[in-house]
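Novice: Would you mind keeping the following structure in view while I ask a few things?
The values are calculated or read from the model by the stated rules, or taken from the named source; none is laboratory data. If you're wondering where the values come from, they're calculated on a predicted model, not measured in any experiment. Positions of Cβ are backbone-derived with ideal geometry, glycine not excepted, and every protein chain shown enters the neighbour counts.
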Amino acid sequence: MPWSDYDSSTCSIARTAQLLGDRWTVLVVRDLFNGVRRFDELQSHLGIARDILTKRLALLVDEDLVERRAYRVDGERARHEYVLTQAGRELRTVLVALMDWGDHHRAGAAGPPVSLRHKDCGAEIHTHLVCDEGHAIEPSTRAELIPLAGARLRDVG
């Protein structure tokens, strides 16, 4: 059956885009990866409105991508910082893929703004697709979608 016969809302890309498809949500996750964990620091670094940041952080906490942890600086009231959970840390590949694509297709005249490097050896980090047999998957490589148990036919009635 053609892909168009299936309900697109069951697609894992659709479900992930529903969660991360907002610009601010992706940028909050990016900053959390880069060690910006406190609300005021996130707000200042991103230039995001406080109410929008509050909503995005609540969504990420509700979806178990971020954990809210209390901390207290001496002489100040208790506050919270936000730390990626295991599921949140697993988004690294997605963010690196976005960065690789952006560096290639959207970098300004001066080139990419940063280089992500492996701390142990100093080599640049990039995303690469491989099949389970270890074959490299290039943009021109042919692939096919195989419906699994989670797929459902589109209701056309």
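Novice: Counting only residues that are without any contact (Cβ under 8 Å) to a residue 12 or more places away in the chain and not in a helix (DSSP H, G or I), how many does the stretch 39-70 have?
Specialist: Of the residues in the stretch 39-70, 3 are without any contact (Cβ under 8 Å) to a residue 12 or more places away in the chain and not in a helix (DSSP H, G or I).
Yes/no per residue for (1) closer than 21 Å to T16 by Cβ; (2) among the aliphatic types (A, V, I, L, M):
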position	(1), (2)
I52	yes, yes
K55	yes, no
L60	yes, yes
V73	no, yes
W101	yes, no
A107	no, yes
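Novice: Considering the stretch 1-19 alone, what residues qualify as being in a loop (DSSP other than H, G, I, E, B), surrounded by 11 or more Cβ atoms within 10 Å (Cβ to Cβ) and touching a residue at least 60 places away in the same chain (Cβ under 8 Å)?
Specialist: Listed by number, the list holds a single entry, D7.
Novice: Could you grab me the full set of residues in the stretch 69-114 that are at pLDDT 95 or above, surrounded by fewer than 14 Cβ atoms within 10 Å (Cβ to Cβ) and among the hydroxyl-bearing types (S, T, Y)?
Specialist: T93
Novice: Taking the stretch 20-63, which residues are modelled with pLDDT under 95 and surrounded by 13 or more Cβ atoms within 10 Å (Cβ to Cβ)?
Specialist: Listed by number, the residues that qualify are L20, D22.
Novice: Shifting gears a bit: Which pairs have Cβ atoms under 6 Å, sit 6 or more apart or on different chains, and link a residue in the stretch 96-114 that is part of a helix (DSSP H, G or I) to one that is loosely packed, with under 10 Cβ neighbours inside 10 Å and among the aliphatic types (A, V, I, L, M)?
Specialist: none
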